[in-house]
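Enquirer: Before I ask anything, here is the structure I am working with.
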Amino acid sequence: MCLAIPGQVVEIIDPERQLAKAEVSGVRRVINIGLIDDEGVDIGDWVLIHVGFAMSRINEAEAQSTLQVLEEIGDAYQQELADLAGSQIE
């Protein structure tokens, strides 16, 4: 199962290549923000991340609510976090 999971942008790494660093439940990874870059992405923004791409911006309340539901799912969420921890975009 592949999930879109909420992450908070903590750094804009390379604006030209549309790369940012996001934190998801303590895991920090580089993500591509090109799909939502026209909306503008800033440090502190919450985004939904799927396979290394930010798919949309969401507000903090929605992010927290979604994280709570995902944690309740259990194994699928833990697998998604493991996949995220093992992934790398360069």
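Nothing in this text is a laboratory measurement; each read-out follows from the coordinates by a stated rule. Quantities reported herein were computed from a predicted structural model and do not represent experimental measurements. Positions of Cβ are backbone-derived with ideal geometry, glycine not excepted, and every protein chain shown enters the neighbour counts.
Enquirer: In debye, nearest 20, what is the charge dipole magnitude of the chain about its Cα centre with +1 on Lys and Arg Cβ and -1 on Asp and Glu Cβ, if you could check?
Expert: 160 debye
Enquirer: How high is the relative contact order of the chain? Use alpha-carbon pairs under 8 Å, at least six apart in sequence, and give a whole percent.
Expert: Values: 159 pairs, mean separation 26.6, N = 90.
Answer for the chain is 30 percent.
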